[in-house]
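Chemist: Right, I'll just put the structure down here and ask away after.
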Amino acid sequence: MAIDEQQILADWKERGFVQANTYADGPGKSWLGYVHAADGVVMAVEGQLELEMVGQRKLMNPGEEVPIKRHVLHSVRNVGDGDCRWLSAYGKS
């Protein structure tokens, strides 16, 4: 099933999320140790995305949305052998 990235971002905006981003990361790319002042959300679009929060790691399936509470330390990694696309948005308070 194809994921309509623009529709997801529009839905998030309607839900109060701003600062939306689309990422395309190569194998092994990591975004480590992030904390935001507002609630956020992350969604895998394709590939193998791992989200780590509060010492727990979760392998995300494409289309799966995971909320991130404000002030929670988190990291995102492409743990697959190929490229990974994912979306994030923050700013909901």
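Coordinate-derived values only; no laboratory data. Computed from a prediction, not measured in an experiment: that's the story for all the values here. All Cβ positions, even for glycine, are placed from backbone atoms using ideal geometry, and neighbour counts span all protein chains on display.
Chemist: Taking amide H positions as placed 1.01 Å from N in the peptide plane, with prolines and chain starts having none, which residues 5 or more places from Val45, or on another chain, fall under 5 Å of its amide H?
Modeler: Here Gly63, Arg85, Trp86, Leu87 satisfy the definition.
Chemist: Could you point to the label whose value was computed as Cα Rg over 2.2 N^0.38 Å for the structure here, given [x] 1.11; [y] 1.00; [z] 2.99?
Modeler: Matching entry in [x] 1.11; [y] 1.00; [z] 2.99: [y].
Chemist: Using θ = phi - 60° and the Karplus relation 6.51 cos²θ - 1.76 cosθ + 1.60, list the HN-Hα couplings for region 50-57 in order, rounded to whole Hz, with x at every Gly or Pro.
Modeler: 10, 10, 10, 9, 6, x, 10, 9
Chemist: Arrange Leu51, Leu9 by Cβ neighbour counts within 10 Å, fewest through most, would you?
Modeler: On the way: Leu51 21, Leu9 18.
If I rank by nearby Cβ atoms, fewest first, I get Leu9, Leu51.
Chemist: Another question, then. Once phi is turned into θ = phi - 60°, what whole-Hz ³J(HN,Hα) does the Karplus curve with 6.51, -1.76 and 1.60 give for every residue of region 73-89, x standing for Gly and Pro?
Modeler: 5, 8, 9, 10, 9, 8, 9, x, 8, x, 5, 9, 10, 8, 10, 8, 8
Chemist: Gln6: net charge of surrounding residues, Cβ under 14 Å, Lys/Arg +1, Asp/Glu -1, itself excluded?
Modeler: Values: positive: Lys13, Arg85; negative: Asp4, Glu5, Asp11, Glu14.
Spelling it out: positives minus negatives among the neighbours equals -2.
Chemist: So what's the net charge close to Cys84: Lys and Arg +1, Asp and Glu -1, counting the other residues with Cβ under 11 Å from its Cβ? Present the calculation step by step, with values, prior to reporting the outcome.
Modeler: Details: positive: Lys29, Arg77, Arg85; negative: Asp25, Glu46, Glu50, Asp81, Asp83.
So the environment of Cys84 carries a net charge of -2.
Chemist: How would you rank Leu87, Leu32, going from fewest to most other Cβ atoms within 10 Å of each one's own Cβ? Intermediate results must be reported in sequence, preceding the final value.
Modeler: On the way: Leu87 19, Leu32 10.
The most exposed by this proxy come first: Leu32, Leu87.
Chemist: Here's a follow-up. Only counting other Cβ atoms within 10 Å, I'd like Leu49, Leu73 sorted with the fewest neighbours first.
Modeler: Details: Leu49 26, Leu73 13.
Lowest to highest Cβ neighbour count: Leu73, Leu49.
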